[in-house]
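A short write-up of the structure that comes next.
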Amino acid sequence: MADAHSLSLPARRRDMNVPGRLLGKAARRDAERAAKAAEPVEDGPAPKPATRAAITLLLVTILFVPQLAINAGTLAMNFSLPAVYILIVVGLLDGVFVVGLSSLLTLVFLAAVAFFSLKFNAGHASSTSLLLLFALYIPFLFRGHRPLGRVYFEWAARRYVLLMMVVAFAAMAQAALHPFVHDDRLLAFSNSMPEAIRQSGHYNTIAFTGNLLRSNGFFLREPSFLSGYAGIALLIEIALFRRWLVLLALIAAMLLALSGTGILIVLIALVVAGLRRAPVKALIGGLALIPAMPVIANLVGLALLADRLNEFSAPGSSGYARFVAPWAFVQGGLSRWPWSLLIGNGPGSILRAIKESDTTFEIFDPTWAKVLFEYGVAGSIGFAVLLGVGYRLREAPFSLKTGMLYAWIAAGENLLDPDFNGIMLLLVIFWAKPVSMVIPSGSRVTDTAAHQGNGA
C-alpha cells in the first residue's frame, strides 16, 4: 500500500489545487451564463411600413406641433393623443401589439380608486380630468410581441434621435438669428396660428435669463421641454450609438435651453446606472470630479444654471415652485377629509386647491404631488404597480428607463401630458424584451451588451 510520499508530484499538485479548480469551474459557469445572456437574440422581422409610419407620426406630433392642439374653448387636445391610438390600431392590425393581463388588472384597480375618489369628492373633483386620465393610460395596456421588441425599439429610438436632431439644429438657428431678427414668431410660431388649433394654457414659450434667450427649439412649448427631450435623446445616444457629432449637438441644445431639466434627467440616470453596475468605481469617479466641477461649469457655461440653485430657497421662483412648495401643500391636502389619505381629493382637484389657497407664491404640481393629492395612497400604489409592470423586461437600456421614470415623477406636470406619455410609451412601455434576453442572477452584462449585434 503506497504512503503519501509515494504519490507523484503532478498528482500531488492536482490534489492540492482542488479549491482552485472548484473556483475556476464557478467562474467559468458565471462567464458562460453572462456570455449566453449577451448572445444576440435573433431579431424579428423588420418593422412593418404602416407601423413605422405610425411611429413617425406620433414623434412628429410630439416634437414639431406641440404648440398646436384641437382647441374647444377651455379644453385642448394635443395631436399626440390621437396619434398614440393610431399607432395602437395600426400595431394591432400588423400583429405587433398584444394586451398585457397584469396591466389590465392594474388599470381596473386604478379605475376603481379614481371612481371612488370622484364620488367621495363630488363638487371638488373634475370628471373631465378623470376621462383624460383614462384616455392617457389605456394605451399602457399594450405591449409588443416579445420577439419583435428589440428591432422595433431600436427603430423607434433611432427615429426619435433623428427627429430630435432636427429640433436641436432649429434651437441653434433660433439662438443665432434672435439678435438680428426681432420677431416673436421666431420664438412662438403658434401666435400666428388660428385660435382653433392653438394650444391652451400658460407656457413660458418666450423666456429669457437676463438678456440671454432661453431657446425652445422653435417647435416646443418651453425651453424646459427642449432640455428634457434632448436629455432623453442623449441617454439613448450614450447607451446605444455613441456618435460624437450627435452627442455634441444634443448637449448644445440642452445648454441653449438654459434649463436644468435635461441635465438632471441625464445626471440622475447615469449616476443610478453607474451605481448599479459598479458602485465603488462610480463613487470614486464622482468624488474625483468634485474638485474639477467649477472649471467644467465655467467651460460649458453652466454658471448661469448654477445660479438658479438659489431658487430653492426663494418663494415664487421656478425651483421653489417645482421642488419645495408641493411638499407642504400635499401634506395639508391629505388631511382635508377623512378619506383624503386613502383615495385623495378627487381628479383635477390640486389645481383648484392651489388657486383657492392663500399663498403668495406659485406652486407647481409635479406628477408625484398630483397623484398623491388627487388619488391618495391607494392611487399612488396603483400607478407604481402600473409603471412597474410596464418597465419589467423592456428593451430600453436601464439608464433610459431611469431617466424617463425620474422625468415622469418629478421633472414636470407629466401625469396628464399626452406628449411625455407618448414618448414613454414609444421608448419604454411598448417594447418587451425576449425571454432569452433575461440575464441570469449574478452575471454582469451591461445595457449596451444586450444590444450588440443590432448596430448598437
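The values are calculated or read from the model by the stated rules, or taken from the named source; none is laboratory data. All values derive from a computational prediction rather than experimental measurement. When the accessible area is computed, the model is the full protein with side chains, heavy atoms only, and any ligands, DNA or RNA have been set aside. Shrake-Rupley method; radii C 1.70, N 1.55, O 1.52, S 1.80 Å.
Listed here are the pairs Lys48/Lys370; Lys119/Lys370; Lys48/Lys433; which of them are more than 29 Å apart at the Cα? Please report the intermediate quantities before stating the final value.
On the way: Lys48/Lys370 38 Å; Lys119/Lys370 18 Å; Lys48/Lys433 19 Å.
Those over the limit are Lys48/Lys370.
What is the extension gain from Ala328 to Arg277, computed as 0.36 nm multiplied by their sequence separation minus the C-alpha to C-alpha distance, in nm to one decimal? Let's see the in-between values first.
Details: separation 51, 0.36 × 51 = 18.36 nm, distance 3.57 nm.
Gain in length upon complete extension: 14.8 nm.
How large is ³J(HN,Hα), in whole Hz, for each residue of segment 390-395 in order, when computed from phi with the Karplus curve 6.51 cos²θ - 1.76 cosθ + 1.60 and θ = phi - 60°, using x for Gly and Pro?
Result, rounded to whole Hz: x, 8, 5, 6, 10, 5.
Expressed as a whole percentage, what fraction of the accessible surface of segment 128-211 belongs to carbon and sulfur atoms when a 1.4 Å probe is rolled over the protein heavy atoms? All intermediate terms of the calculation are to be shown ahead of the outcome.
Values: 2630 of 4210 Å².
Carbon and sulfur: 63 percent of the exposed surface of segment 128-211.
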